[in-house]
Amino acid sequence: MRYNSVYLLKRLGFAFITLYVAITLNFLLPRLMGGDPASALASEKALGSQEVVKALKAQFGLDNPSLLYQYAKYLNQLLHGNLGVSYANYPSPVADVMVKALPWTFGTVLTATLLSYLVGWLIGIRGAWKAGSLFDNSTLFTAFFLNSVPFFWIAIIFIMIFSFYLEWFPLGQAIDPGIDSFSALDKIKSVLYHAFLPVFTLIIATLAGHILVLRNNLMRVLSEDYMLLAKAKGLSAARRKYAYGARNALLPSFTGFMTSLGHVIGGAITTEIVFSYPGVGLVTFNAILNHDYPLIQGSFLFIAVSVIVCNLIADLVYPLIDPRVALN
Amino acid sequence: MSKLLQVQNLSIEYASPRGVVKAVDNVSFSIGKGEIFGLAGESGCGKSTTAFGICRLLRPPARLAGGSVVLDGIELTELPDEQFDKLRWSKMSIVLQSAMNNLNPVLKIRSQLMDAIVAHEPDAGKEAAKRAEQLMRLVDLPADRLDSYPHELSGGMRQRVVIAMAMAMKPSLVIMDEPTTALDVVVQNGIIRKILELQEQFGFSILFITHDLPLMLEMCDRIGIMYAGRLVEIASRQEMKSGPRHPYTQGLLHSFPPLYGPKRRLEGIPGHPPDLIRPPGGCRFHPRCARAMTQCSSREPAVLADERGQVACHLYNEEGLSVEQASAARE
């Protein structure tokens, strides 16, 4: 093992502190937005009586105006794994709403993130290795173009062309309405059919950054003396390209990659809105519109935990892939 | 002494937005078997570029513009890349400046020593591991350092590793480009001793590049002096010590303080090296030369080769006498 228990404990401790701060901020932020969701909910459901509003407030923990009281109640609930009840989806618990949205987000955003990094890195490596070639110039040009186009615009254009005019893909949703009567194979087909365009859009939107970063990193590595020496040694092009070049060029991208993985769970809000895709992003967006504190908090909590966990993993894995990182 | 390396009229150019830079212009020299040949000159005179041109390591925009390089009877400039790659390291290895980044930071020393061997002998396997240990012993490093990463070694140890690496395939020529420049004097001394010891043991030839002239006078058999892309003088160590002929060489030698003997004023050379896109006509050194004559700015000096070496300067005519001496002899 390349690291000791002190390092491990330090990283873990740091992760816990970050988590605590995140939870506290998570509690405070929605309350700064103002509005009284209990009254709104009561009137919306035509339950105008004072008693109902009062009961709802008690259920949501809003009966005591003291922030400290609400905070203590929130922490206590969290410790018991209770994320509260969604206002907007009353009486569904937040956990249920999240669990319903999570698989969709995982399936699309995780796939898109992994593919985007993989393809972006491969293109970046090849471009830098053959710097100045036709391949390099055309990928560079495309990457700069994609990088300067707003992402939602790409998504809208894709929907317009592929879903609206060509009708190759659906306009929204993650699965066909009558899904329950489908066979397993048809279900899979339907899911893939609905997921394709959002995934493709996400890849297109993030690919350019990965290409440019890796190409730049590798260009810098290629000018190092050890690359010259590797060539002088008569090493094969493959060994120079991967074990000497890409291996070093990928190091700075690793942390970014892990952070992206951490954000997967938050979904891709823009994509999910444009494609009406029922993932965590859309749930969060609607929760904010509805002043749905518990749901906002639940969603942010999921995101915070996953980002913190992924960063922790990055911290623990990085010393294994870069021997220069000191471990004390 | 039979010739191991023969460089004829080597020219190397860089394309730059302002025009073509003639970094190396018609350079010719040869290195005998087991000889240590030094190449010296100011920064940017083309000495490293010459070395990289010989071992085909020029990076664009640098390119070979002409000339021939013959190593052990093989014309290198016309060799296809695949054949050249086979020749690399087995016939000719290099040691670069002892900066941190000579070694791949993410690979262990063992793997970097072995991959050089395995690249040329794919079946070496276990034997390559054994050879890696021998190589470490060769440069007085403990074999357990094979499992270290480069950053865990001191600068001197890293340079020893690089030298050990250069010995891996028992090459006949080792090109050393400022191998001790980044090291402190004490470590430098140890490295130089080690290089000389290995050279004695294996009998390879060395092309030694440095701007440290006193060091060169210490260890090289013959020395070539480059100025602005041209080789202006070649002479044996003894000739260099007793009296170099080219005014530039003289200036260069006077730029270093003597360790022994009476104190003297350091002269240095006034001015700066020229712009190689538009080098001065005639002898490239004439704008800085205290002994410049009228023909120096118009005519390129011919190379005079005699028993004292070779020199390209108008001060010396065919007989190797200075012009003053020649005119005195005629009267």
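The values are calculated or read from the model by the stated rules, or taken from the named source; none is laboratory data. All values reported here derive from a predicted model rather than from experimental measurement. Here the Cβ is made from the backbone with ideal geometry for all residues, glycine too, and neighbour counts use every protein chain on show.
For segment A:243-262, does any single residue satisfy the condition of being under 22 Å from residue A:306 (Cβ atoms), free of Cβ contacts under 8 Å to residues at least 60 places away in the same chain, of a type outside the set (D, E, K, R) and crowded, with 16+ Cβ neighbours inside 10 Å? Among the residues of segment A:243-262, at least one is under 22 Å from residue A:306 (Cβ atoms), free of Cβ contacts under 8 Å to residues at least 60 places away in the same chain, of a type outside the set (D, E, K, R) and crowded, with 16+ Cβ neighbours inside 10 Å, which makes the answer yes. When segment A:11-47 is filtered for residues that are surrounded by 14 or more Cβ atoms within 10 Å (Cβ to Cβ), at pLDDT below 90 and of a type outside the set (A, V, I, L, M), the ones remaining, listed by number, are A:11, A:26, A:27, A:30, A:31, A:37, A:39.
Could you run through segment B:61-79 and say how many residues are assigned to a loop (DSSP other than H, G, I, E, B) and either more than 14 Å from every other protein chain (Cβ to nearest Cβ) or free of Cβ contacts under 8 Å to residues at least 24 places away in the same chain (or both)?
Filtering segment B:61-79 down to residues assigned to a loop (DSSP other than H, G, I, E, B) leaves B:61, B:72-73, B:76-79.
Okay, now just the ones that are also either more than 14 Å from every other protein chain (Cβ to nearest Cβ) or free of Cβ contacts under 8 Å to residues at least 24 places away in the same chain (or both), so B:72-73, B:76-79.
Residues meeting the conditions: 6.
Selection within segment B:106-157: residues that are within 9 Å of another protein chain (Cβ to nearest Cβ) and closer than 23 Å to residue B:201 by Cβ. The member of this set that is nearest to the chain's Cα centre (by Cα) is B:116.
Residues checked against (1) modelled with pLDDT of 90 or more; (2) within 24 Å of residue B:304 (Cα to Cα); (3) among the hydroxyl-bearing types (Ser, Thr, Tyr):
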| site | (1), (2), (3) |
| --- | --- |
| B:195 | yes, no, no |
| B:204 | yes, no, no |
| B:209 | yes, yes, no |
| B:213 | no, yes, no |
| B:221 | yes, yes, no |
| B:224 | yes, yes, no |
| B:230 | no, yes, no |
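When residue B:111 is tested against (1) surrounded by fewer than 20 Cβ atoms within 10 Å (Cβ to Cβ); (2) touching a helix residue (DSSP H, G or I) at 6+ places or on another chain (Cβ under 8 Å); (3) within 17 Å of residue A:234 (Cα to Cα); (4) modelled with pLDDT of 90 or more, exactly one condition is not met: (2).
Filtering segment B:80-105 to residues that are among the hydrophobic types (A, V, I, L, M, F, W, C), facing chain A (nearest Cβ under 8 Å) and closer than 30 Å to residue A:325 by Cα leaves B:94, B:96, B:99, B:103. Put simply, of B:41, B:19, B:34, B:46 the only residue that is more than 18 Å from the chain's Cα centre (by Cα) and either basic (Lys, Arg) or more than 13 Å from chain A (Cβ to nearest Cβ) (or both) is B:19. Could you tell me whether segment B:88-100 includes any residue that is under 25 Å from the mean Cα position of the chain (by Cα), more than 30 Å from residue B:2 (Cβ to Cβ) and part of a helix (DSSP H, G or I)? For segment B:88-100, residues under 25 Å from the mean Cα position of the chain (by Cα), more than 30 Å from residue B:2 (Cβ to Cβ) and part of a helix (DSSP H, G or I): present.
Of all residues in segment A:114-173 being assigned to a helix (DSSP H, G or I) and touching a Phe, Trp or Tyr at 6+ places or on another chain (Cβ under 6 Å), which is modelled with the highest pLDDT? Can you show your working first?
Of all residues in segment A:114-173, those assigned to a helix (DSSP H, G or I) come to A:114-129, A:134-147, A:151-165.
In the following step, the residues that additionally are touching a Phe, Trp or Tyr at 6+ places or on another chain (Cβ under 6 Å) were identified as A:117, A:162-163.
Values: A:117: 95, A:162: 89, A:163: 86.
Taking the candidates together, the pick is A:117.
Residue pairs whose Cβ atoms lie under 9 Å apart, sitting 6 or more positions apart in sequence or on different chains, and linking a residue in segment B:31-53 that is farther than 17 Å from residue B:235 by Cα to a partner that is assigned to a loop (DSSP other than H, G, I, E, B) and among the basic types (Lys, Arg), are B:52/B:59.
Among the residues of segment A:84-121, the one identified as over 24 Å from residue A:296 (Cα atoms), in contact with a Leu (Cβ under 9 Å, 6 or more places away or on another chain) and free of Cβ contacts under 8 Å to residues at least 60 places away in the same chain is A:114.
For segment A:173-188, enumerate the residues that are surrounded by fewer than 16 Cβ atoms within 10 Å (Cβ to Cβ), under 25 Å from residue A:283 (Cβ atoms) and either under 22 Å from the mean Cα position of the chain (by Cα) or not acidic (Asp, Glu) (or both).
First pass over segment A:173-188, keeping only residues surrounded by fewer than 16 Cβ atoms within 10 Å (Cβ to Cβ): A:173, A:177-188.
Applying the additional criterion that residues be under 25 Å from residue A:283 (Cβ atoms) yields A:173, A:177-180, A:182, A:187-188.
Scanning segment A:173-188 gives A:173, A:177, A:178, A:179, A:182, A:187, A:188.
Taking each residue of segment B:210-236 that is on the phi > 0 side of the Ramachandran plot and looking for partners that are assigned to a strand (DSSP E or B) and among the small types (Gly, Ala, Ser) with beta-carbon atoms closer than 6 Å, six or more apart or interchain, yields B:229/B:23.
Can you pull out every residue in segment A:79-113 that is assigned to a helix (DSSP H, G or I) and over 26 Å from residue A:275 (Cβ atoms)?
Restricting attention to segment A:79-113, the residues satisfying the condition of being assigned to a helix (DSSP H, G or I) are A:79, A:94-113.
Across segment A:79-113, the qualifying residue is only A:79.
Just checking, does segment A:220-231 include any residue being away from chain B (no Cβ under 11 Å), modelled with pLDDT of 90 or more and touching a Phe, Trp or Tyr at 6+ places or on another chain (Cβ under 6 Å)? No: zero hits.
Is it fair to say residue A:235 is facing chain B (nearest Cβ under 8 Å) and hydrophobic (A, V, I, L, M, F, W, C)? When the stated conditions are applied, residue A:235 passes them. Could you please tell me which pairs satisfy a Cβ distance under 6 Å, a separation of 6+ or placement on different chains, a first residue in segment B:277-291 that is on the phi > 0 side of the Ramachandran plot, and a second residue that is assigned to a loop (DSSP other than H, G, I, E, B)? Partner pairs satisfying both residue conditions: B:282/B:299; B:282/B:300.
Being over 14 Å from residue A:31 (Cα atoms) and over 22 Å from the mean Cα position of the chain (by Cα) is a property that residue A:315 lacks. Checked against the criterion of being among the aliphatic types (A, V, I, L, M) and free of Cβ contacts under 8 Å to residues at least 12 places away in the same chain, the candidates A:197, A:192 yield just one match: A:192.
Just checking, does segment A:197-217 include any residue being within 14 Å of chain B (Cβ to nearest Cβ) and crowded, with 19+ Cβ neighbours inside 10 Å? Checked against the condition, which is being within 14 Å of chain B (Cβ to nearest Cβ) and crowded, with 19+ Cβ neighbours inside 10 Å, segment A:197-217 yields at least one hit.
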